[in-house]
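The values are calculated or read from the model by the stated rules, or taken from the named source; none is laboratory data. Here the structure is a predicted model, which is why all the values come from computation and not from measurement. Ideal geometry is used to build each Cβ from the backbone, glycine not excepted, and the neighbour counts take in all protein chains shown. Note: accessible area is taken over every heavy atom of the protein model, side chains too, but ligands, DNA and RNA are not part of it. Shrake-Rupley method; radii C 1.70, N 1.55, O 1.52, S 1.80 Å.
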Amino acid sequence: MKLTTFIPKGRSNEMRIGAVYENNQILDLSAAYALSLQGKEADPRSSQVATALLPPDMIAFCDGLPQTLSRAETAISYAHDLAKKKDPRLNNVLHPIKDITFKAPLPRPRGMGIGYFNQKGIIEEASRAETEKKTGKKTEGIQMDVVYPEVAVISWSSPRCVIGPDEAIVFPKISKKIFNSIELGVVIGREAYKVPKNKADDYILGYTVTSDITAFDLVQKENFVYTACRCKSMPTFWPTGPWIVTKDEIKNPMNLEALVRINGKEVMKANSKNYTFSPQDYVADVSQYMILEAGTIIAMGAFNETTFTFPNVGDVVENEIEGVGILRNHVVAE
């Protein structure tokens with residue numbers, strides 16, 4: 001199932017939850033569930049009940065798991081039944097993709113985690129940057145001591161910097177150079193605390209595409225080898241989407257192809273098999289010392305060390321992860 005947050009045509013800022021349906025359409029899940037509740041008889045209360053049981057808000061949807069996911073499956077199944085019967089009521093809950101506005105699947109996640117140093121080359125790359133800063137000379141290979149993490153670690157970014165597909169990445173005046181890093185986003189579906197690794201998958205709702213935008217020239221001020229927050233938390237710096245793909249549709253999240261294109265030209269290709277730590281590692285390791293709330297996104301870190309894809313004002317950036325989706329954004333000046 002591909003879960004979306006969207007605005008229907010003509011509904012201003014009324015955000016709804018949908019699922020990708022046949023023929024490039026989005027099914028309004030709460031509205032379809034209301035139809036399943038009322039059956040053949042129109043009952044005005046069915047919409048109120050459906051809103052309570054299958055809310056049109058992704059955070060509330062996560063809070064209601066696993067029941068909300070089961071109800072979403074019921075809504076989709078009922079829509080298929082209506083389609084077979086050519087019931088005209090189906091038209092009221094289906095929206096052509098061309099007529100809707102996608103928002104970030106979680107427009108305001110409860111947390112935006114940044115997976116750090118999940119691939120050996122990233123640490124080496126950061127080390128080179130630190131060395132070059134200190135010496136003023138280009139380096140060949142590692143010139144400083146590096147400690148590789150033994151567990152999956154994260155830093156945090158502001159949830160306020162999350163945007164959705166086709167929204168603008170704002171190039172801030174404070175920076176002269178930004179880079180885009182494609183990352184696999186893990187969506188936490190249940191509150192997790194001290195979760196053993198063999199149970200960690202039970203706490204994952206699914207996966208989304210995330211784009212870690214970083215003010216590159218400000219990175220070293222935060223000591224990039226260890227942490228970074230401000231340079232990654234500026235408004236619009238975390239595009240996510242276009243939807244959440246539930247985990248049952250992703251056979252192996254540790255073997256997914258990833259592509260980055262700028263203005264249609266491929267600038268990076270990688271695979272999640274380069275990750276050291278898995279989604280389950282992140283849930284298990286991070287939850288040992290803090291509570292991961294439902295509706296949190298953990299971006300698992302850059303796929304490989306060739307992360308420096310630098311977009312400029314006017315560019316269109318496409319981040320694509322196999323089986324998950326294509327996230328497209330454009331860059332504008334502040």
For the chain, find the longest principal axis of its Cα atoms and tell me its angle to the long axis of helix 67-85, 0 to 90°, nearest 10.
-> 50 degrees
Say R0 is 41 Å: what FRET efficiency, to the nearest 0.05, do Ile291 and Asn23 get from their beta-carbon distance?
-> 0.50
Projecting the Cα atoms of Gly185, Met300, Gly18 onto the charge dipole of the chain, where Lys and Arg contribute +1 and Asp and Glu -1 at Cβ, the residue farthest towards the positive end is Gly18
Student exercise, the chain dipole from Lys, Arg, Asp, Glu Cβ charges, in Debye to nearest 20 = 500 debye
Pairing the Cα long axis of helix 120-135 with the longest principal axis of the chain, what angle in degrees results, from 0 to 90 and rounded to the nearest 10?
-> 40 degrees
Filter the cross-link list Lys194/Lys269; Lys86/Lys251; Lys103/Lys247; Lys177/Lys247 down to pairs whose alpha-carbon distance in this structure exceeds 27 Å.
-> Lys194/Lys269; Lys86/Lys251; Lys177/Lys247
With the full set of protein chains in place, find how many percent of the accessible area of the chain is carbon and sulfur; take the probe as 1.4 Å.
-> 50 percent
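Taking the convex hull of the Cα atoms, report for the chain its projected area averaged over all directions, in nm².
Numbers: hull surface 70.3 nm².
In nm², the orientation-averaged hull projection of the chain is 17.6.
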Expressed in nanometres to one decimal, the distance between label points 7 Å along Cα→Cβ at Val313 and Ser158 is 2.1 nm
Ignoring everything but the protein chains, give the 1.4 Å probe accessible area of Met254 in square angstrom, nearest 10.
-> 40 Å²
What trypsin sites (Lys or Arg not before Pro) does segment 241-287 have in DSSP loop regions with at most 16 other beta carbons within 10 Å?
-> Lys251
